[in-house]
1. Which residues, counting only those in segment 97-131, are β-branched (V, I, T) and either touching a helix residue (DSSP H, G or I) at 6+ places or on another chain (Cβ under 8 Å) or touching a residue at least 40 places away in the same chain (Cβ under 8 Å) (or both)?
2. Could you please give the count of residues in segment 30-80 that are in contact with a Cys (Cβ under 7 Å, 6 or more places away or on another chain) and touching a residue at least 40 places away in the same chain (Cβ under 8 Å)?
3. Return only the number of the condition from (1) outside the structural domain of T137 (by TED's automatic domain parsing); (2) among the hydrophobic types (A, V, I, L, M, F, W, C); (3) under 24 Å from the mean Cα position of the chain (by Cα); (4) surrounded by 13 or more Cβ atoms within 10 Å (Cβ to Cβ) that F39 does not satisfy.
4. Is there a residue in segment 88-96 that is surrounded by fewer than 12 Cβ atoms within 10 Å (Cβ to Cβ), among the charged types (D, E, K, R) and in a strand (DSSP E or B)?
5. Quick test of your reading of the structure: P76 fulfils all but one of (1) within 19 Å of the chain's Cα centre (by Cα); (2) modelled with pLDDT under 80. Name the failing condition by number.
Amino acid sequence: MQPRSRTTVLFPVLLLASFTLPAAGNEPLREQWLQCSQFSDDSKRLACFDRITGNLHEQAEQKFGREQEQAIKEAPESITATITSAKEGAFGKYIFTLDNGQVWQQVESSDRAIWRGGERVAVERGAFGSFIMHKVTGVRSLRVRRIQ
């Protein structure tokens, strides 16, 4: 039995991937793959597929370091939830479990009155990727980070 060439293995994988991609925004890529599949010469077909994957690599490099931008754009600026539990952790920093399943930890130690379960809080985006938790009905706030 002869070993399979890269083209023989690569073509079915790329063809399958082209049909599993969402239709919106990916038509040019599908068309490119279909055009490459039309070449009967193995070297031309492989060169065509290599060119496409090279373009994908360039696009990935251009997005490098900015992967989170789309997620941040789609995320809300704040959430509101109820504290289901508040436990004192190491160094007096509290850990808050919210009714939506999220778990947040106090970042800075403080001597401020701490909140208890059942209280309604909002978590908002702060500067430089930080988050601030405050009572919905109050003014006091704590800097927090999400741990779960």
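1. Answer for segment 97-131, where residues must be β-branched (V, I, T) and either touching a helix residue (DSSP H, G or I) at 6+ places or on another chain (Cβ under 8 Å) or touching a residue at least 40 places away in the same chain (Cβ under 8 Å) (or both): V103, V121, V123.
2. Looking only at that region, the number is 1.
3. (3)
4. The answer is yes; a qualifying residue exists.
5. For P76, the exception is condition (2).
Residue-wise test of (1) under 16 Å from K93 (Cα atoms); (2) exposed (fewer than 14 other Cβ atoms within 10 Å of the Cβ); (3) among the β-branched types (V, I, T).
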residue	(1), (2), (3)
R116	yes, yes, no
A127	no, yes, no
G138	no, yes, no
L142	yes, no, no
R146	yes, yes, no
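The values are calculated or read from the model by the stated rules, or taken from the named source; none is laboratory data. Just so we're clear, the structure is a prediction, and the values are computed from it rather than from any experiment. A quick note on method: Cβ atoms are made from the backbone with ideal geometry, for glycine too, and the neighbour counts reach across all protein chains shown.
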